[in-house]
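Before any comments, here is the structure.
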Amino acid sequence: MSASTTLRVGRFSQQVRRRTVVVSALLLVATVLLAGAGLALGDYTLAPGDVVAALRGEGSARDHLVVNAIRLPRVALGIVVGVCLAVAGAIVQTTARNALASPDLLGVSAGAGAGAVAAIVLSGTNAAGSAALDVIGTPLAALLGGVVAAATVGLLLRVTGTTGLSPLLAGVGVSALFGGLTSWMLTAASIDDAARANAWLAGSLGGRGWSEVAAVTVAAVTALAPLIVLSSRLPALELGPSIATSLGFRVPHSVGLLLLIAVVLTSVPVAAAGPIGFIALVAPHLARLACRSPRPPLVASGVAGAALLLASDLVARFALAPLLLPAGAVTAVIGAPFLIWLLVRSRKDPTQ
């Protein structure tokens, strides 16, 4: 029996490995179970039947309030943010052909964070800034910051190259630059605005509503729609610019579009939930290892990202209860050792 099959829809065709389908299905089941746990568990614990009844509009008014108004937006945001960050990481790792490449390590998250903090903080410092940022909105301000950060890293990598630790070092420098800019804006802000921005910078799914879910969902649909077509170019791009060009692909055009999609998939989630680190790095690697694939599979990476973020949020809610941790703190605890392992592994085997 063949280990892969070819999916054809009109002129579009994509080779699908059977193991990837199985792993993606298992990750999807895990995501559903984690989502159910997120809806049921808390100070007011609900039985699975009560959760289902509340989702169907039945049950008590209290159950309906807890499930649909408080917990469901949190779970939904965790799913869409996890998918976006993980798919963005898979795109960047494949196009850069570097296992250490991810939007947060390359400074895109820091740039998006600086843009979002500008929307949060500077809008309260002067009338002109408030008017401008009200028009742009926090998601678009984050997107602008992410694009500027990505462009800065791109210019640096044209000089240093994209192999080895060069992308990571360029990302560290750009992250420090935008981190300093964020710190300056916090010191210039009022106490209330600075406190609100600092709480957002921790990276959390708590206290978010359907407006944040809608913003990230719109960004995800807008970015993932063209990715369905562009994904067929990823295997060729992974082989290198020369081979991809010989196969008829316009490499600069393809890479530019793919990286723009990755920036959108990173920046808008950062605006909604704050800078939640390492999902974009860890989830694609976990999916690649589970699928035994030469590159991170997009669908499996996205579902792995959703499952990882939901699991991290559950740990953040209950690990030190009644103290609530931000999900970003948990992902950092998971991601930092994983990054160290990747650094050691890449030193032993530069192809990884």
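The values are calculated or read from the model by the stated rules, or taken from the named source; none is laboratory data. Here the structure is a predicted model, which means the values were calculated and not measured. In this analysis, Cβ positions are derived from the backbone assuming ideal geometry, glycine residues included, and neighbour counts consider all displayed protein chains. Quick note on the areas: whole protein, heavy atoms, side chains included, nothing else; ligands and nucleic acids left out. Shrake-Rupley method; radii C 1.70, N 1.55, O 1.52, S 1.80 Å.
Yes or no: ALA170 over 19 Å from ASP104 (Cβ atoms) and assigned to a helix (DSSP H, G or I)? Walk me through how you get there before you give the answer.
Numbers: over 19 Å from ASP104 (Cβ atoms): no; assigned to a helix (DSSP H, G or I): yes.
No; evaluated as a whole, the condition is false for this residue.
Suppose we keep only residues that are of a type in the set (D, E, K, R) and either farther than 30 Å from ARG18 by Cβ or at pLDDT 90 or above (or both) within segment 293-348. Which one would you say is nearest to the chain's Cα centre (by Cα)?
Within segment 293-348, the subset of a type in the set (D, E, K, R) is 295, 313, 317, 345, 347-348.
If we keep only those that are either farther than 30 Å from ARG18 by Cβ or at pLDDT 90 or above (or both) as well, we get 313, 317, 347-348.
Numbers: ASP313: 14, ARG317: 20, ARG347: 26, LYS348: 28 Å.
Looking at the filtered set, the residue picked out is ASP313.
Do you know which of the residues in segment 273-292 that are part of a helix (DSSP H, G or I) and either open to solvent by 10 Å² or more (accessible area, probe 1.4 Å) or among the polar types (S, T, N, Q) (or both) is nearest to ARG19 (Cα to Cα)?
Initially, segment 273-292 is screened for residues part of a helix (DSSP H, G or I), giving 273, 279-291.
Still in the running and either open to solvent by 10 Å² or more (accessible area, probe 1.4 Å) or among the polar types (S, T, N, Q) (or both): 286, 288-290.
Details: LEU286: 14, ARG288: 11, LEU289: 11, ALA290: 9 Å.
The residue in question is ALA290.
Provide a single number: the residues in segment 63-97 that are within 30 Å of LEU168 (Cβ to Cβ) and open to solvent by 20 Å² or more (accessible area, probe 1.4 Å). Lay out the reasoning, then the answer.
Taking segment 63-97 as the starting set, the residues that turn out to be within 30 Å of LEU168 (Cβ to Cβ) are 77-97.
Going one step further and asking which of them are open to solvent by 20 Å² or more (accessible area, probe 1.4 Å), we end up with 79-80, 83, 95-97.
Selection size over segment 63-97: 6.
Condition first: over 28 Å from ALA96 (Cα atoms), in a loop (DSSP other than H, G, I, E, B) and modelled with pLDDT of 85 or more. Now tell me which residues in segment 193-244 satisfy that.
Those that are over 28 Å from ALA96 (Cα atoms), in a loop (DSSP other than H, G, I, E, B) and modelled with pLDDT of 85 or more: SER204, LEU205, GLY206, ARG208, GLY209.
Tell me which of these ALA262 doesn't satisfy, since it passes every other one: (1) closer than 19 Å to LEU77 by Cα; (2) not in a helix (DSSP H, G or I).
(2)
Is segment 120-134 home to any residue that is more than 19 Å from LEU85 (Cα to Cα), at pLDDT 70 or above and small (Gly, Ala, Ser)? It would help to see each step written out before you state the result.
Our first condition is that a residue be more than 19 Å from LEU85 (Cα to Cα); within segment 120-134, this holds for 120-134.
Then keep just the ones that are at pLDDT 70 or above; that gives 120-122.
Narrowing the set further to residues that are small (Gly, Ala, Ser) leaves none.
Within segment 120-134, none of the residues are more than 19 Å from LEU85 (Cα to Cα), at pLDDT 70 or above and small (Gly, Ala, Ser).
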